[in-house]
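Step one of this worksheet: look at the structure below.
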Amino acid sequence: MLPSARPSDDVAVIGLGAPERIELGARFPVDVEVHADGETAAEVALYENGALPDVRHVKSVVLKAGTNRVSFETVSYAPGDLALEARVAPKGHDRLPGNDRFARVVRIVGKPRVLYVATAPGEERGSVRALEAGGFDVEVRSPDGLPRDAASLRAFDAVLLSNVPRARVRDDQQRPLVAYVRDTGGTLLMAGGAESFGPGGWEGSPVADILPVTLEGERRKDRPSLALALVIDRSGSMTGQKIELAKEAARRTAELLNPDDYIGVVGFDSAPTVIVRMQSARNRLRMDSDIGRVAARGGTNIFPALDLAYRELQLSRAIKKHVILLTDGQSPDRGLRDLAQVMNADGITLTTVGLGGDIQRALLTDLAEMGGGRAYFTDDANRIPRIFVDETESLTRSNLVEEYVGVRVAGPVPFLRGIAPNAMPLLRGYVATRGKPPPAQVLLASDLGEPIFARERVGLGWSLAWTTDTGARWAAPWLAWPAFPKFWSQLLRAHLSRETDDALMVGANVVGDEAAVRVDVSDASGEFTAGLTGFVTATSGDAPAITAQLSERAPGRYEAKLPLANAGFYDLRATLGDGTRATRTGHATFAHPFPTEFTPDDGNAAERLRPALVRTGGRILQSPGEALAATGQPTEAPEPISRWFLWAALALFLADVLARRLAWRRREKPGDLRGLANAAGP
């Protein structure tokens, strides 16, 4: 039978041992250290995130005097921070219940999750396989599957948009994506293709604002990139399906243009009419209405209509000016060739489209050649919209570089570990962009000096630009490169918020009722970063946040101390910047088991004090009186006043008894007895 705990006994949890990082799904040991003043029975429980997973996390044990170790084994199936808390419940008396708990936080590391968004998922198979080979969990979705709230996006470590046009991603999907990067530390990578970056119409979008590259190439921001005039035959021969398909071609052309581009429509028969005056392509609703009112009638005369389009384009400040001419009939050709040459000399190019067999093929071919454009001919009116679309796409894709180019290192590249830079293959093409000013960085560039890979810190996260594609059109040599899986996974892994090479490394040691916080920071090349300023904030539940200024103690090492008022789990966030904006952030968690006064006495206090005694020449005092005597002052001890009242009461009692005794003896004298007898009679 176990002896019951003595009234002075205490039981305390003084330690909790577990690995700092645990692989997702792996079993790991947890050792709980329990101190007991004397032998007693107790239950020791291990809580995970505030709950008991099962009965195996509770053990009934017999604690011996001193330090005891109780071992558990557990497993976690969710990545992230896991809060472990050990609790002891002794069967008998416990002098200090406040030290019956001890907590700490461990990190469960799982595969990073990537949301891979693509319009043609099959074309991305090689790139997806490379990420999976690099240890990523990849989920492929179409643009419609892109979440519309930041909370859903937080389930992923990175989001990759592969050759996705802006038209497929609505603003209510873009804004959460920006918040996901800026506010939650997510990573966004936009990969190139014929429908990405500028050609994909992303300019002026919320996503474009956070990209590390500008999308207009060498274009000036105060000038539209393209002004396009459509000159459409509306003569009587175009009646019916022809004119309807011509109107459809005009509408689809307007939809393909960037919002800052300009478009105008001129209809002609014997005389020209401005159907849509030259205006921004963003006014599509008004254009649809104006184009819908076009009707076929009259003869065919191209020159006045082409001259009217020329004069409209002369007034435009666009960098590129172009005319698409559609006709199905015969027209006087006087002056047309000269006009095409003048237009070309003035920077306005001309493409011609001939419909049917009753056309002037030679004239239209000459006009296209002299106008610096292309000539299209078809007998099928259904092909007209496709021809207009192809021609418009060729215009808007002017910033596509489709030729073999080499890739060179343009800055410190932390993700090329184990990869020789001169071994990187050629590319078959990319989207021409320009790197934004610092803090954006261009790390890989083409032979022409344009970005291939660029990055920028945006709030807590990363925005990345990979201007070539991830499919076979441009990146086929890279997909066949044996080192591509390593390169591709290292590139992305280096920019995940939990694994990034140059994020702040934050840690905390709890000493007594104070947390000693340390923050290490280095740049992308591994060099320590000095001269930063910032602060650290600790929060725990609903308690007020605790904030302290970080001080630089050594190159790249910043420290602060935080007073801890309460026991429990703390969330720690550090921010360091260059004085004008936040440049680095870091996050950690730690636990404060219990206040210092609840720490059990292990009997070694004198031994712990000995170094201080040696340094100061002092000695250990055995009683408070010795401490007072050492100062030369008289030693006094308090004495209760109640005993004096007791002595006084006793003296009064004795005096009262004595007085009564003396009075009785006087009444017993002989004379008094005779008087009493006479009074009684015979």
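The values are calculated or read from the model by the stated rules, or taken from the named source; none is laboratory data. Nothing here was measured: the structure is a model prediction, and the numbers come from that model. Every residue, glycine among them, receives a Cβ derived from its backbone with ideal geometry; neighbour counts consider all protein chains shown. In case anyone asks, the SASA skips ligands and DNA or RNA and just uses the protein heavy atoms, side chains included. Shrake-Rupley method; radii C 1.70, N 1.55, O 1.52, S 1.80 Å.
With respect to residue 289, determine if the residue is out of contact with any Gly (no Cβ under 6 Å at 6 or more places or on another chain) and over 23 Å from residue 348 (Cβ atoms).
Numbers: out of contact with any Gly (no Cβ under 6 Å at 6 or more places or on another chain): yes; over 23 Å from residue 348 (Cβ atoms): yes.
Answer is yes for this residue.
Given the options 246, 318, name the one that is surrounded by 23 or more Cβ atoms within 10 Å (Cβ to Cβ) and in contact (Cβ under 8 Å) with a residue 60 or more places away in the chain.
Details: 318 fails: surrounded by 23 or more Cβ atoms within 10 Å (Cβ to Cβ).
Checking each option against the conditions leaves just 246.
Can you name the number of the only condition in (1) under 31 Å from the mean Cα position of the chain (by Cα); (2) surrounded by 15 or more Cβ atoms within 10 Å (Cβ to Cβ) that residue 412 fails?
(2)
If a residue has to be open to solvent by 70 Å² or more (accessible area, probe 1.4 Å) and touching a Gly at 6+ places or on another chain (Cβ under 7 Å) to count, how many in region 415-440 make the cut?
Total meeting the criteria: 2.
Can you pull out the residues in region 339-353 that are of a type in the set (Val, Ile, Thr) and not in a strand (DSSP E or B)? Working first, answer last.
Here is the first cut: in region 339-353, the ones of a type in the set (Val, Ile, Thr) are 342, 348-349, 351-353.
The answer is 342, and nothing else.
So which residues in region 118-152 are closer than 20 Å to residue 496 by Cα, in a helix (DSSP H, G or I), open to solvent by less than 40 Å² (accessible area, probe 1.4 Å) and modelled with pLDDT of 90 or more?
127, 128, 130, 131
Can you tell me how many residues within region 49-77 are charged (D, E, K, R) and under 14 Å from residue 87 (Cβ atoms)? Quick ask: steps written out before the conclusion?
Within region 49-77, the subset charged (D, E, K, R) is 54, 56, 59, 64, 69, 73.
Add one more test, that the residue is under 14 Å from residue 87 (Cβ atoms), and what stays is 59.
Selection size over region 49-77: 1.
Does residue 214 satisfy the criteria of being in contact (Cβ under 8 Å) with a residue 60 or more places away in the chain and open to solvent by 40 Å² or more (accessible area, probe 1.4 Å)? Step through it out loud before you land on a result.
Values: in contact (Cβ under 8 Å) with a residue 60 or more places away in the chain: yes; open to solvent by 40 Å² or more (accessible area, probe 1.4 Å): no.
Against the criterion (in contact (Cβ under 8 Å) with a residue 60 or more places away in the chain and open to solvent by 40 Å² or more (accessible area, probe 1.4 Å)), residue 214 does not qualify.
Could you check, for region 569-579, whether at least one of its residues is out of contact with any helix residue (DSSP H, G or I) (no Cβ under 7 Å at 6 or more places or on another chain), part of a loop (DSSP other than H, G, I, E, B) and either modelled with pLDDT of 70 or more or surrounded by fewer than 17 Cβ atoms within 10 Å (Cβ to Cβ) (or both)? Explain how you work it out, then say what you get.
At the first step, the residues of region 569-579 found to be out of contact with any helix residue (DSSP H, G or I) (no Cβ under 7 Å at 6 or more places or on another chain) are 569-579.
If we keep only those that are part of a loop (DSSP other than H, G, I, E, B) too, we end up with 578-579.
Among the residues that remain, those that are also either modelled with pLDDT of 70 or more or surrounded by fewer than 17 Cβ atoms within 10 Å (Cβ to Cβ) (or both) are: 578-579.
Checking region 569-579: at least one residue is out of contact with any helix residue (DSSP H, G or I) (no Cβ under 7 Å at 6 or more places or on another chain), part of a loop (DSSP other than H, G, I, E, B) and either modelled with pLDDT of 70 or more or surrounded by fewer than 17 Cβ atoms within 10 Å (Cβ to Cβ) (or both).
Just give me the residues in region 83-99 being open to solvent by 20 Å² or more (accessible area, probe 1.4 Å) and not small (Gly, Ala, Ser), in sequence order.
Listed by number, the residues that qualify are 85, 87, 90, 91, 93, 94, 95, 96, 97.
In this structure, is residue 36 surrounded by fewer than 17 Cβ atoms within 10 Å (Cβ to Cβ) and over 40 Å from the mean Cα position of the chain (by Cα)? Before the answer, list the steps.
Working: surrounded by fewer than 17 Cβ atoms within 10 Å (Cβ to Cβ): no; over 40 Å from the mean Cα position of the chain (by Cα): yes.
So residue 36 does not fit the description; no.
Hey, does region 469-489 have a residue that's over 16 Å from residue 124 (Cβ atoms), under 23 Å from the mean Cα position of the chain (by Cα) and open to solvent by 10 Å² or more (accessible area, probe 1.4 Å)?
Taking every residue of region 469-489 in turn, none turns out to be over 16 Å from residue 124 (Cβ atoms), under 23 Å from the mean Cα position of the chain (by Cα) and open to solvent by 10 Å² or more (accessible area, probe 1.4 Å).
Consider residue 200 carefully, then state whether it is small (Gly, Ala, Ser), in contact with a helix residue (DSSP H, G or I) (Cβ under 7 Å, 6 or more places away or on another chain) and under 25 Å from residue 429 (Cβ atoms).
yes
From the list 274, 265, which residue is more than 50 Å from the chain's Cα centre (by Cα), outside any helix (DSSP H, G or I) and of a type in the set (Val, Ile, Thr)? Step through it out loud before you land on a result.
Details: 265 fails: more than 50 Å from the chain's Cα centre (by Cα).
After applying the criteria, what remains is 274.
Return a yes/no flag: does region 107-114 have any residue that is touching a Ser or Thr at 6+ places or on another chain (Cβ under 9 Å), in a helix (DSSP H, G or I) and either of a type outside the set (Ser, Thr, Tyr) or surrounded by 15 or more Cβ atoms within 10 Å (Cβ to Cβ) (or both).
Looking for residues that are touching a Ser or Thr at 6+ places or on another chain (Cβ under 9 Å), in a helix (DSSP H, G or I) and either of a type outside the set (Ser, Thr, Tyr) or surrounded by 15 or more Cβ atoms within 10 Å (Cβ to Cβ) (or both), one finds none in region 107-114, hence no.
For region 162-175, indicate whether the set of residues that are part of a strand (DSSP E or B), out of contact with any Ser or Thr (no Cβ under 9 Å at 6 or more places or on another chain) and open to solvent by 10 Å² or more (accessible area, probe 1.4 Å) is non-empty.
No, region 162-175 has no match at all.
Output the number of the condition that residue 394 fails; it satisfies all remaining conditions of (1) at pLDDT 90 or above; (2) farther than 30 Å from residue 587 by Cβ; (3) open to solvent by less than 60 Å² (accessible area, probe 1.4 Å); (4) not hydrophobic (A, V, I, L, M, F, W, C).
Against the list (1) at pLDDT 90 or above; (2) farther than 30 Å from residue 587 by Cβ; (3) open to solvent by less than 60 Å² (accessible area, probe 1.4 Å); (4) not hydrophobic (A, V, I, L, M, F, W, C), residue 394 comes up short only on (1).
Is region 23-31 home to any residue that is open to solvent by less than 30 Å² (accessible area, probe 1.4 Å) and of a type in the set (Gly, Ala, Ser)?
Filtering region 23-31 for residues open to solvent by less than 30 Å² (accessible area, probe 1.4 Å) gives 28, 30.
This time we only want the ones that are of a type in the set (Gly, Ala, Ser), so: none.
No - not one qualifying residue is present in region 23-31.
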